[in-house]
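Shown next, in structure tokens, is the structure this report addresses.
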Amino acid sequence: MPIRVKDQEFNVLMSIYEKASNQVLEALKGVQLEYKNIFNKNIVNYFETRIKEPKSIINKMKKKDLELNYKNMIDRVNDIAGVRAICNNKEDIYNMASIIEKVPNWNLILEKDYIKNPKKSGYSGYHIIVEVPVKIYEDSNLLKNQIFVKVEIQLRTMAMDFWATNEHKMKYKTEKKISFWDSKRLAMYAKILNIMEERFSNINKKIEKCI
């Protein structure tokens, strides 16, 4: 069936993705609380959720040269629903990733480590695609079905998120194309932020050892 973003079918599908992202968010908040109770430490500073805008979904499918139908959208676009966890440092990111890999009833689809292997643009982060079971109800509130829905989990430090948020605004939220040299500068700033973050982390580790 062709995608028509104003149709009821599209809205229903987006509501299912939203339900999946909220479900992942609540599960990760539970992980955060349990981690704090055990280790007396916040592994995540804060969370964000988002559902990809219809225009962004269509543009992504066109870039992938996909026919604009619902099957391709569900099967080939992995980041329609998203949850972002902002951690204190890289160690917390990898600890969080390790926990996510073991969550019961979630299917791990894909992991991308852009921390060890940053993108050419300078972007860093850790991405995990999971499938989570979502219950679909009839109007009578009786269980109709359970389906698995893909959700992208992005793990970043505050420095990574600062860079990525501003880079995204400059590159994708404006009509003017960013220059070659400005792109080079952004990549350089990402490296500078990474060095600063490492040094802050080293100082913090020394302090924690003294406590």
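Every number in this text was worked out from the coordinates using simple rules, so none of it is lab data. The shown structure was predicted, so the numbers you read here are calculated from the model rather than taken from an experiment. Here the Cβ is made from the backbone with ideal geometry for all residues, glycine too, and neighbour counts use every protein chain on show.
Using only Cα atoms and rounding to the nearest 10 degrees, what angle (0 to 90) does helix 8-39 make with the longest principal axis of the chain?
30
How big is the equivalent ellipsoid of the chain along its three axes, where each semi-axis is √(5λ) from the Cα gyration tensor, reported in whole Å from largest to smallest? Mind showing how you got there, number by number?
Values: eigenvalues 209, 130, 30 Å².
Values for the chain, descending: 32, 25, 12 Å.
Put +1 on the Cβ of every Lys and Arg and -1 on every Asp and Glu Cβ in the chain; which of M96, Y126, I43 then has its Cα farthest towards the positive end of the dipole?
So the residue we want is Y126.
Which percent of Cα-Cα pairs in segment 1-119 sits in each 10 Å bin, short to long?
For segment 1-119, the binned pair fractions read 11, 37, 31, 17, 4, 0 percent.
Of all DSSP beta bridges located in the chain, what percent are antiparallel, nearest 5?
Numbers: 25 of 31 bridges.
If we restrict to bridges inside the chain, about 80 percent are antiparallel.
Once amide H atoms are placed 1.01 Å from N in the peptide plane, what residues at a sequence separation of 5 or more from T157, or on another chain, have their amide H within under 5 Å of its amide H?
Those lying under 5 Å, H to H, from T157 are C87.
For segment 51-101, what D do you get in µm² per second when you plug the Kirkwood radius from alpha-carbon pairs into Stokes-Einstein at 37 °C and 0.692 mPa s?
Numbers: Rh = 13.0 Å.
Translational diffusion coefficient: 253 µm²/s.
Distance between the C-alpha centers of segment 10-77 and segment 83-123? Whole Å please.
Using only Cα atoms to place each centre, the spacing works out to 14 Å.
For K177 and K6, what does the FRET efficiency come to when R0 = 25 Å and r is the distance between their Cβ atoms, rounded to the nearest 0.05? Write down the numbers at each step before the final one.
Working: r = 30 Å, r/R0 = 1.19.
That pair, K177 with K6, gives E of 0.25.
With the crude spin-label approximation of a point 7 Å out along Cα→Cβ, what separation in nm comes out for S201 versus M170?
2.3
Using only helices, what value at 222 nm comes out for the chain when you add -39,500 (n - 2.57) per DSSP H run of length 4 or more and divide by the total residues, to the nearest 500 deg cm²/dmol? Write out the running numbers ahead of the final one.
Values: 6 runs with 106 residues, N = 211.
Computed mean residue ellipticity for the chain: -17000 deg cm²/dmol.
So which of K52/K171; K90/K116; K41/K112; K36/K135; K116/K177; K102/K135 end up more than 19 Å apart by C-alpha?
Details: K52/K171 17 Å; K90/K116 10 Å; K41/K112 26 Å; K36/K135 30 Å; K116/K177 28 Å; K102/K135 21 Å.
From K52/K171; K90/K116; K41/K112; K36/K135; K116/K177; K102/K135, over 19 Å: K41/K112; K36/K135; K116/K177; K102/K135.
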